[in-house]
């Protein structure tokens, strides 16, 4: 008896729709809440096809980072060539870049392939306090990669490292944003998630200052928030949104993800990247 054939015409319709693409260049989080894993979940949630280039592998869970292993810079370059020469991308983001050699390779490939929509999340220190960027890499980041970015998204600590000043309030955030803008970044988003009051982020584009304010959510489940926000911005840029609208949409997305954060592990649990689609237990 011949096997019954099933026809799925809707698949043909889906395949005819152009798929937006986003690339993450970051470290792997074995706990799944941050880094490459968080970025790919975010891309999928925002209906963008995600590709990845891994810069480092971490032994990590909700309690902290137990160890890191940087990939050779040359092999990071091979991954970039593999993805960009074939699949390409509509936008890209960087996370943990680990060392100066990797920063330099990434900057070279950004120039080579003409990536215009680049979001840089200057990952320097994990939430647990563990360092994720070698000191000499900070200079390479400022001099070689930041001038190639469209958007950079430092938190208060990272803004302090990039500017050499302590950033503790909105006045300091704006001053830091202006200084980072002068490094050649068209849009600087200084994140205020560590402020004592409401979580206000400040965006500066050289002319206008925009504030994105959201109610503070009291939750331990905030692992991966920085990675997730920058990935969401990249995904929405890939879909064609202008920078301010992409940031506003990303803020809405991360707020929902935090509100539905789950108790995973014994420390800082991850945000819920798929919160808009389902709730665990339903």
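Results, tabulated for the structure shown:
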{"item": "Long-range neighbours under 8 Å by Cβ, at least six apart or interchain, first residue at positive phi within segment 191-217, second surrounded by fewer than 16 Cβ atoms within 10 Å (Cβ to Cβ) and at pLDDT 95 or above", "result": "206/186"}
{"item": "Considering residues of segment 39-59 that are outside any strand (DSSP E or B) and touching a helix residue (DSSP H, G or I) at 6+ places or on another chain (Cβ under 6 Å) only, the residue farthest from residue 93 (Cα to Cα)", "result": "46"}
{"item": "Flag for residue 173 being part of a loop (DSSP other than H, G, I, E, B) and surrounded by 18 or more Cβ atoms within 10 Å (Cβ to Cβ)", "result": "no"}
{"item": "Filter result (touching a residue at least 60 places away in the same chain (Cβ under 8 Å) and either crowded, with 22+ Cβ neighbours inside 10 Å or farther than 19 Å from residue 62 by Cα (or both)) within segment 258-273", "result": "268, 270, 271, 273"}
{"item": "Failed item, numbered, when residue 114 is tested on (1) touching a residue at least 24 places away in the same chain (Cβ under 8 Å); (2) under 21 Å from residue 23 (Cβ atoms); (3) surrounded by fewer than 18 Cβ atoms within 10 Å (Cβ to Cβ)", "result": "(1)"}
{"item": "Unmet criterion (only one of (1) over 18 Å from the mean Cα position of the chain (by Cα); (2) over 30 Å from residue 218 (Cβ atoms); (3) modelled with pLDDT of 95 or more) for residue 150", "result": "(1)"}
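The rows are residues; the columns are (1) touching a strand residue (DSSP E or B) at 6+ places or on another chain (Cβ under 6 Å); (2) at pLDDT 95 or above.
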| position | (1), (2) |
| --- | --- |
| 61 | no, no |
| 65 | yes, no |
| 75 | no, yes |
| 78 | no, yes |
| 88 | no, yes |
| 97 | yes, yes |
| 101 | no, yes |
| 105 | no, yes |
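The values are calculated or read from the model by the stated rules, or taken from the named source; none is laboratory data. Because the structure is predicted, anything quoted here is derived from the model rather than measured. Every residue, glycine as well, gets a Cβ built from its backbone with ideal geometry; the counts of neighbours run over all protein chains shown.
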